[in-house]
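The values are calculated or read from the model by the stated rules, or taken from the named source; none is laboratory data. A quick note: this is a predicted structure, and the numbers were derived from the prediction, not measured. Positions of Cβ are generated from backbone atoms using ideal geometry, with glycine treated the same way; all protein chains shown enter the neighbour counts. To get the accessible areas, we keep the full protein, side chains included, count just its heavy atoms, and leave off ligands, DNA and RNA. Shrake-Rupley method; radii C 1.70, N 1.55, O 1.52, S 1.80 Å.
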Amino acid sequence: MYLDHAATTPMLPAAIQAMAEQFARVGNPSSLHAAGRESRRVVEESRETIAAAVGAGPNEVIFTGGGTESDNLAVKGIYWSRRDADLRRRRIIASAVEHHAVLDCLEWLGKHEDADVTCLPVDALGRIHPAELRAAIEEAPEDVALVSVMWANNEVGTVQPIRELAAVAHEYDIPFHTDAVQAVGVLPVDFTASGVDALTLTGHKLGGPVGAGVLLLGRDVACTPVLHGGGQERDVRSGTLDTPAIAGLAVAVAGAVGDRSARSARLAGLRDGLVRGVVQRVPDAVLNGDPGDQYLDGGPTRLPGNAHLSFPGCEGDALLMLLDARGVECSTGSACSAGVSQPSHVLLAMGASVDRARGSLRFALGHPSTDADVAHLLDVIAPVVDRARRAGMAGTRRESVSVREHTTGADRSEAGGPAR
Amino acid sequence: MRLLAAMSGGVDSAVAAARAVDAGHEVTGVHLALSPAPASLRQGARGCCTLEDARDARRAADVLGIPFYVWDFHERFADDVVDDFVSEYAAGRTPNPCLRCNEKIKFAAVLDRAVALGFDAVVTGHHARLSDGVLRRSVDSGKDQSYVLAVLTPEQLALAVFPLGESTKADVRREASTRGLAVADKPDSHDVCFIADGDTRGFLARRLGERPGDLVDAESGAVVGRHGGAFGFTVGQRRGLRIGHPAVDGKPRYVLSISPATSIVTVGPAPMLDVTAVHAGPPVWTNGAPVLPFEGTAQLRAHGAVSGARAHLVRGRLVVELQEAQRGIAPGQAVVLYAGDRVVGSATIESTG
């Protein structure tokens, strides 16, 4: 039972087919001969398909190698351009709950490029309030290089009031970037209507390939390149265009956006059943993030496939392992390649305690998810939580019960206790 | 049985896990993250907690076809092993962090968590034999690790599995190679795993600050040098004393004792290092208390020499008389009692005589 669709979701069969067709062909879209022109045609038709699906112009579609690259390009590129045009502009305003692809760019710009970062707080549901953005800008409007706020949070699923936030930034003529990798194909995302200047999307969250993404970049938004070379994408991004991946991405975006409304409604229903079922079986489990019962810019206030829950007294990685052994694949929310899992910066920003942050799981439903997936989770969740609760927070600084038992054993031995 | 295999990323724990799988057990691999900020790559033969080591462990688990996870025990390790290491040196003793890690982390915190999560026992790649509750030396005397396991109680040993005790290290490497495990030729790790650059003195100085003091000759009572901190020394140490002039008798000088309170490090000629009795703390018996006084052998350092020994308890604390004088015996180390190759128990050395 794969319940980790926010990490990556299976490719749509039509996207696989589109890629397979292109893999079998030769042609660099930048070449001038017939094979090159044929590849170029595939790329440009894909660009138009994507642009139409997300309410952008074809010239606003910059193909990249994925979400992380798009975020790096937007944050660094727009910062550099804005700073170079006016050296006072060294401040970047971003939310505290951004993905590391944005947060780590900010940290790097702070260390190496003299940027100042203003962190926007979130409320207990993980939401940024436009008044907070206005206040942050008002500290010194002329200093601000850009604002970056994600469309919807990858961990807790809370959707941000992007249109309103972008409007606030625009009152001060400040460009606005949004990381929308979790939103496209799930929420109504319209680049032009939202008013944002730059938007990140990626293929593998919506049924397309890994390693293919887009930065939507408004026609008049200056952005300094991160990668230098052939200048293939509007002189903002270099590198040979990956025709197969782009073809697959376009099919996936069109497919996901095309049946978005019905699929999102279905997933929200499944998700509500999942949350209800878990809380029935584990009464002290708590849903994190917005409950999703309101509307915002024509969509729900929570990602429809997202159920992020805290299980008091449990460690998330113990829950994950026990569920994995029972065929349920989910996530603790913030994967960490170092293996040393940090408590989620998102939950901490929402005011959760470290223990609550550690004891959390994210179940993310996606296009193939069914009632049976949820039913299987509900079958196993109560004994798994019981088990994890007994294991407690071993590894952290709390003394566990059985450590004391061992000590007692040692004491007995010290006193020359009986042989076993 | 459902077994949790602790996988460091080295060859021993990989083969131990493989043998547990072959024996028909349901095995899950776990790599322990013990550093708060693991380095990306190993440096020489030190450490077992870099990302490279975690990757090696994961690749071994892939080859064995077992689930694999990283367990984060860095806070417990910092409290129970690293802080203990620092405070022991600060108190003038010479700790053995591997032994402490077995006692407090691998066969305590990790074992507890494993049992609570439904595992029946923990498998490790230690070179020691364990059957029916009896812990014995490995058949490979050069690789025997029974010394660092002698702190374990019967309760802890009852939940441990050591599949490598009947094999030599060479056998283990050959087997790893036959099994297609990429770690077959990985160098053995040694030195203190959490001191990546191998500079124990520098590590302690960063934690404790400089605490200068005198080097005093035990025979003449003269001050023969200065040092930056008594914690930088260990009993029996000869190198790095930086004594300006040769001793009166022309013989090399060794550290005899360390007094953290006065920061005085006493040095003297080799014969003054001779120890014929050790006074240790309360013992841990690995398989119940033996008949006392106990007659057998004692080992006082990891990979140290073995002496005939007679042990008895004085007010619950272990006193061991040695048949042959031993040198370089430091408070803080463990005295481990053996009956032949069988581990009887251990205690921490408090003083020597």
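Candidates in region A:26-56 are the residues that are among the acidic types (Asp, Glu) and over 24 Å from A:VAL221 (Cβ atoms); of these, the one that is surrounded by the fewest Cβ atoms within 10 Å (Cβ to Cβ) is A:GLU45. Inside region B:281-295, residues that are in contact with a Leu (Cβ under 7 Å, 6 or more places away or on another chain) and either in the same structural domain as B:GLN145 (by TED's automatic domain parsing) or crowded, with 24+ Cβ neighbours inside 10 Å (or both) make up a count of 2. Give the residues of region A:360-392 that are assigned to a loop (DSSP other than H, G, I, E, B) and either in contact with an Asp or Glu (Cβ under 6 Å, 6 or more places away or on another chain) or within 11 Å of another protein chain (Cβ to nearest Cβ) (or both), sorted by residue number. A:GLY392 - this is the single residue of region A:360-392 that is assigned to a loop (DSSP other than H, G, I, E, B) and either in contact with an Asp or Glu (Cβ under 6 Å, 6 or more places away or on another chain) or within 11 Å of another protein chain (Cβ to nearest Cβ) (or both). Every condition in (1) open to solvent by 80 Å² or more (accessible area, probe 1.4 Å); (2) at pLDDT below 85; (3) among the β-branched types (Val, Ile, Thr) is met by B:VAL223 except one, and the failing one is (2). Quick one: is B:HIS303 touching a residue at least 60 places away in the same chain (Cβ under 8 Å), surrounded by fewer than 18 Cβ atoms within 10 Å (Cβ to Cβ) and either assigned to a strand (DSSP E or B) or not basic (Lys, Arg) (or both)? Yes; evaluated as a whole, the condition is true for this residue.
Yes/no matrix, rows are residues, columns are (1) under 23 Å from A:ASP293 (Cβ atoms); (2) of a type outside the set (D, E, K, R); (3) crowded, with 24+ Cβ neighbours inside 10 Å:
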site	(1), (2), (3)
A:PRO130	yes, yes, no
A:VAL159	yes, yes, yes
A:ASP173	no, no, no
A:PHE176	no, yes, yes
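Being among the aliphatic types (A, V, I, L, M) and either within 14 Å of another protein chain (Cβ to nearest Cβ) or surrounded by fewer than 21 Cβ atoms within 10 Å (Cβ to Cβ) (or both) holds for only one residue in B:ALA298, B:ALA311, B:ALA330, and it is B:ALA311. Screening region B:160-177 for residues that are farther than 11 Å from B:LEU130 by Cβ and not hydroxyl-bearing (Ser, Thr, Tyr) and picking the one that is most open to solvent (accessible area, probe 1.4 Å) gives B:ARG174. Only one of the numbered conditions (1) without any contact (Cβ under 8 Å) to a residue 12 or more places away in the chain; (2) closer than 14 Å to A:ALA56 by Cα is not met by A:SER194, and that is (1). Can you spot a residue in region B:191-202 that is assigned by TED's automatic domain parsing to the domain that holds B:PRO95, part of a helix (DSSP H, G or I) and not polar (S, T, N, Q)? The answer is no, given that none of the residues of region B:191-202 is assigned by TED's automatic domain parsing to the domain that holds B:PRO95, part of a helix (DSSP H, G or I) and not polar (S, T, N, Q). Select from region A:35-69 the residues that are among the charged types (D, E, K, R), touching a helix residue (DSSP H, G or I) at 6+ places or on another chain (Cβ under 8 Å) and in contact (Cβ under 8 Å) with a residue 12 or more places away in the chain and list them in ascending order. A:GLU44, A:GLU45, A:ARG47, A:GLU60, listed by residue number. Answer yes or no: is there a residue in region A:316-337 that is farther than 21 Å from A:GLU98 by Cβ, at pLDDT below 95 and part of a loop (DSSP other than H, G, I, E, B). Scanning region A:316-337 turns up no residue that is farther than 21 Å from A:GLU98 by Cβ, at pLDDT below 95 and part of a loop (DSSP other than H, G, I, E, B). Taking region B:50-77 as the range and being within 9 Å of another protein chain (Cβ to nearest Cβ) and either in contact with a Pro (Cβ under 7 Å, 6 or more places away or on another chain) or of a type in the set (Lys, Arg) (or both) as the test, the residues that pass are B:LEU51, B:HIS74, B:ARG76. Note on region B:283-292: residues that are over 18 Å from the mean Cα position of the chain (by Cα), farther than 11 Å from B:VAL314 by Cβ and not polar (S, T, N, Q) total 4.
Residues of region A:84-99 that are open to solvent by 40 Å² or more (accessible area, probe 1.4 Å) and either β-branched (Val, Ile, Thr) or touching an Asp or Glu at 6+ places or on another chain (Cβ under 9 Å) (or both): A:ARG88, A:ARG89, A:ARG90, A:HIS99. Applying the set (1) open to solvent by less than 60 Å² (accessible area, probe 1.4 Å); (2) among the acidic types (Asp, Glu); (3) touching a residue at least 60 places away in the same chain (Cβ under 8 Å) to B:ASP197 leaves exactly one unmet item: (1).
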